[in-house]
Amino acid sequence: MKWSWYIFLPSHTVIENTEAKLNDTTRDRDELKEKLNVCGDYSRQGWVHFGGSLYYISSEQKSWQDSRSDCQQRGADLVVINSREEQEFTRQFQKVTWIGLTDRETEGKWMWVDGTPLTMSFWGNGEPNSHDGNDEDCGEMKFLDNENSWNDKPCDIETVWICEKLLSVA
Ligand code: 2F8
Ligand code: CA
């Protein structure tokens, strides 16, 4: 009996598809590398990860608006607290800090810096109170021993602040 050996060469289409897949994989790898580099940069600057965001607590003190500008220059904004877990995470820094909450536009209408109205809140006992008739239009984390820790305070008082950068899911 006579045996024959055949060599099966891939077709042109199979080669093209394989090349296309290799290109996709190379692009995905490069994008992941770039994301890792960015994460490394943030981490070295002191940002920490929680949930789907990165957080930065300042070492300086600034007015609410200057704090916000600092966050924006870092590609972020003042922290927006959307859950009890995020409230607890933010409180565990144990620092009096500006948060991204203000009623500067309309007195009594508290808004987050991302344009959303306040729904879930963690005001301290008796807050917000515009204490002694002062214009207290900016929100801070103040009563650190209590889950209900927020206070309204005059926006120009220099205070430590917390930035939040949302991580994109894509
Ligand atoms: O007791 C709450 C009250 O404490 C301070 O006023 C004495 C706060 N003011 C500042 O921190 C400037 C008030 O906002 C706060 O309501
Ligand atoms: Ca107050």
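FYI, it's all coordinate maths here, none of it is from the lab. Here the structure is a predicted model, which is why all the values come from computation and not from measurement. Positions of Cβ are backbone-derived with ideal geometry, glycine not excepted, and every protein chain shown enters the neighbour counts.
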Seminar exercise, completed: Partner lysines whose C-alpha sits under 26 Å from that of Lys95, ignoring same-chain residues fewer than 8 away, are Lys62, Lys109, Lys142, Lys153, Lys165
Exercise. Reported to two decimal places, what Rg/Rh ratio describes the stretch 83-170 when computed on Cα atoms with Rh from the Kirkwood expression?
Worked result: 0.96
Problem set entry | Rh (Kirkwood; distinct C-alpha pairs) - the stretch 1-123, Å | 19.0 Å
For this session: Treat each spin label as a single point 7 Å out from the Cα along the C-beta direction, and report the Lys35 to Ser69 distance in nm.
Result: 3.4 nm
Problem set entry | Charge dipole (debye, nearest 20) of the chain; +1 at Cβ of Lys and Arg, -1 at Cβ of Asp and Glu | 1140 debye
Seminar exercise, completed: Sorted by number, the cysteines in the chain with no other cysteine beta-carbon under 4.7 Å are Cys39
Problem set entry | With Cα atoms, 0 to 90° folded angle of helix 12-44 axis to the chain main axis | 30 degrees
Problem set entry | the chain - mean residue ellipticity at 222 nm from DSSP helices (-39,500 (n - 2.57) per run, n ≥ 4, rounded to 500) | -10000 deg cm²/dmol
Exercise. Label points 7 Å out from Cα along the Cβ direction at Thr25 and Lys109: separation in nm?
Worked result: 5.5 nm
Exercise. Using the alpha-carbon centroid of each, what span in Å lies between the stretch 115-170 and the stretch 1-74?
Worked result: 34 Å
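Using packing as a proxy for protection, rank 158-165, 108-115, 58-65, 15-22 so that the peptide with the highest average count of other Cβ atoms within 10 Å comes first.
158-165, 58-65, 108-115, 15-22
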Problem set entry | Mean Cβ neighbour count within 10 Å, used as a protection proxy, ranking 87-94, 34-41, 118-125 highest first | 87-94, 118-125, 34-41
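Once you list every other residue whose beta carbon is under 15 Å from the beta carbon of Asp132, what net charge do they have if Lys and Arg are +1 and Asp and Glu are -1?
Details: positive: Lys153; negative: Glu127, Asp135, Glu136, Asp137, Asp152.
Here the charged neighbours net out to -4.
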